[in-house]
Each structure stands twice: as C-alpha cells, then as structure tokens.
Amino acid sequence: MAAAAQGEASTGTTAATFRRVYETLKAELLRDDSFDFNDDALRWIDAMLDYNVLGGKLNRGLAVVESYKLLKAGSEPSEEEEFLACILGWGIEWLQAYFLILDDIMDNSQTRRGKPCWYRLPKVGLIAINDGLVLRSQISRIFKRYFHGKPYYVDLLDLFNEVDFKTTSGELLDQITTSEGQKDLSKYTVDVYRRIVEYKTAYYSFYLPVGCALLLSGGSLDDYVQVKHILVEMGIYFQIQDDYLDCFGDPEVMGKVS
C-alpha cells in the first residue's frame, strides 16, 4: 500500500509539473514576435488554447513523461530532461486539439469534453478551421524553440509529420466510408474498420508518446519496430472500446453526444 501511495503521489506531482509547462508554452506563444498580434488576436488565441488544449485527461502527453522515466532505467531525470519531456507531451496534446476541432466540424458533433464543441460557440463558427491550423503550426514553433540543434530534432519533426499523415489519412477513410447521407454499410467491413482505427487513433495516441520518449532518451526508432507494432495493437484495442462507449455510453458520463 505504501508503494501504491508513493506511485499516486508521483503521478500527481508529474501532472502538476506538466500543467505548469503548459502555462509557460502558452505565455511564449502569446509573446511570439514573428507576427504582430493585436489585443483582440491575443485574447482569441489565449481563450482558444485553454478551451481546446485543456479539458481532456492529458493521457497522451503524460505518457511521454512516464515513458521517458521508465527508459531512464531507475535514474531520476534531471529537471531539464523532465521539462523537455513535458514539452513533447504538450506537442501531442496540441496535435490532439487540432485533430478534435476539425473532426467535430466534419462529424457535425455537438459536445466535446462536457461542453459545446469549439465551432459551436456563436462567436467561433467556421473560424475554428483556421484555429485548428494555428494549433498545428504552433507545434513547429514550440519545437523549434526548444529542440533546434538537438541531435534528434529532424527525427522528431519527421515523427510528428508521419503520424499526422497517418491520422489524417485514417480520417479520410472514416469520412468516405461513413459520411452522413451516403451510408453504404457494404463498404464498412471489419478490415476497413480496423484500418480506420489503426490510422486515425493508434499511431498518435499510443505510438507517438513512446516514440517521443525514445528519441529524447537518445534511441533510434528503427531499433524499436516491434514496440511500434505492440503499441498500435494497443491503440486499436483502445479505439474499439471507445467506439463501443460512443455508441452505447451515457452522454452524461461520456461528456459528448455521440
């Protein structure tokens, strides 16, 4: 029981540290001098980030930090190392927010995380499309600030670009298979469904966090191909469960109308 309590305390400390890093990153983005934002734009970005990047369970981002600690094989990461792991974790949370904003528009969704989807807010509407693109572009700015010159910088960008490609390709397959008003269940086979959940969810939700931790620890992704296969299978399993809950779960518990 003492070990369990210690583990919970450690997790709580990690989550608190992780959240503080978000505030640092947001403040830096609001001070970004590459574009002369006026006060209205700054208020918009501030509110947009809090509404869309925060509010979830942050499992993907925290998985980077926890994976990195495991890869350290018992030695405690330095403050700088943990900070960089948190930044990579937030990179995934930014990516998640970008995906969700656009996914909600395409699916005509009503709620997300217990509140109206961002595009459903009267002041937002289809401006949300550009907000999604802003979120995606901010990842590159964050990474350039903290990882440019690191030996794994190019591999990190390549990893995010590859996962982004896989996820958006999975979204395409989902949309053309299940579009409202054009349903053709004969196309919705087990093989197609597996492809959708693999590419739309598994890579960015399960492989990407561990891939980030491997790169940060000095590893080569080419040496861990089997790890990728295992994580993708876990992601498929996760999405199958999520889809079941999406169909049969209570919206009051799920936080979204499915």
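The values are calculated or read from the model by the stated rules, or taken from the named source; none is laboratory data. None of the values given here were measured: they were computed from a predicted structure. Positions of Cβ are generated from backbone atoms using ideal geometry, with glycine treated the same way; all protein chains shown enter the neighbour counts. Protein only, heavy atoms only, side chains kept; ligands, DNA and RNA dropped before computing areas. Shrake-Rupley method; radii C 1.70, N 1.55, O 1.52, S 1.80 Å.
Structure notes:
- Residue within segment 155-170 that is out of contact with any helix residue (DSSP H, G or I) (no Cβ under 6 Å at 6 or more places or on another chain), under 15 Å from Ala97 (Cβ atoms), part of a helix (DSSP H, G or I) and among the hydrophobic types (A, V, I, L, M, F, W, C) present: yes
- Residue match in segment 172-180 (condition: of a type in the set (D, E, K, R), open to solvent by less than 70 Å² (accessible area, probe 1.4 Å), modelled with pLDDT under 90 and assigned to a helix (DSSP H, G or I)): yes
- Matching residues in segment 112-154 - criterion: being open to solvent by 40 Å² or more (accessible area, probe 1.4 Å), part of a helix (DSSP H, G or I) and not β-branched (Val, Ile, Thr): Arg120, Asn130, Leu133, Ser137, Ser140, Arg141, Lys144, Arg145, Tyr146
- Single residue of segment 15-37 satisfying the filter (surrounded by fewer than 18 Cβ atoms within 10 Å (Cβ to Cβ) and β-branched (Val, Ile, Thr)) that is farthest from Ser67 (Cα to Cα): Thr24
- Within segment 180-192, none of the residues are touching a residue at least 24 places away in the same chain (Cβ under 8 Å), among the basic types (Lys, Arg) and more than 17 Å from Lys69 (Cα to Cα).
- Test: residue in segment 72-89 that is of a type in the set (Gly, Ala, Ser), open to solvent by less than 40 Å² (accessible area, probe 1.4 Å), at pLDDT 95 or above and under 29 Å from Ser217 (Cα atoms): yes
- Identity of the residue in segment 197-231, modelled with pLDDT of 95 or more and of a type in the set (Val, Ile, Thr), that ends up nearest to Ala63 (Cα to Cα): Val210
- Summed over segment 183-205, residues that are assigned to a helix (DSSP H, G or I) and in contact with a helix residue (DSSP H, G or I) (Cβ under 7 Å, 6 or more places away or on another chain) total 14.
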